[in-house]
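So the structure is just underneath, and the comments pick up after that.
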């Protein structure tokens, strides 16, 4: 199966939630997928206009990575998607388009959280970790 690149932009908003250290958590319809460095092929971040940070990632096309991510999103298409990182709510939106393994872009109004998520997905240790 072949997937063409898709440029998806999700505007992020932040508020505090219970701490979650496992990864970037995507939740819909009572189910979740946790994005970890093991599923990332490439992640980048760049500053945009008005203090926005663009977080771009490509996922491994394996059943446990993109396969599980796609199942969650396609099963709950049109429902509310919540994305959190380390307990901080990054995104709440209704997803109407399918995402592909490459060229997924999150646009964050919260540069600290977006940069921390990018560094985590790259495998950079958390500043408070021993």
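What follows is calculated from the coordinates using simple rules that are stated; it is not laboratory data. The structure presented is a predicted model; accordingly, all values stated were derived computationally and were not measured. Using ideal geometry, Cβ is built from the backbone for each residue, glycine included, and neighbour counts are taken over all protein chains shown.
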Here, residue 41 and residue 74, labelled 7 Å along Cα→Cβ, have an inter-label distance in nm of 1.7
Sorted largest first, the C-alpha extents of the range 8-122 along its principal axes in whole angstrom are 34, 26, 26
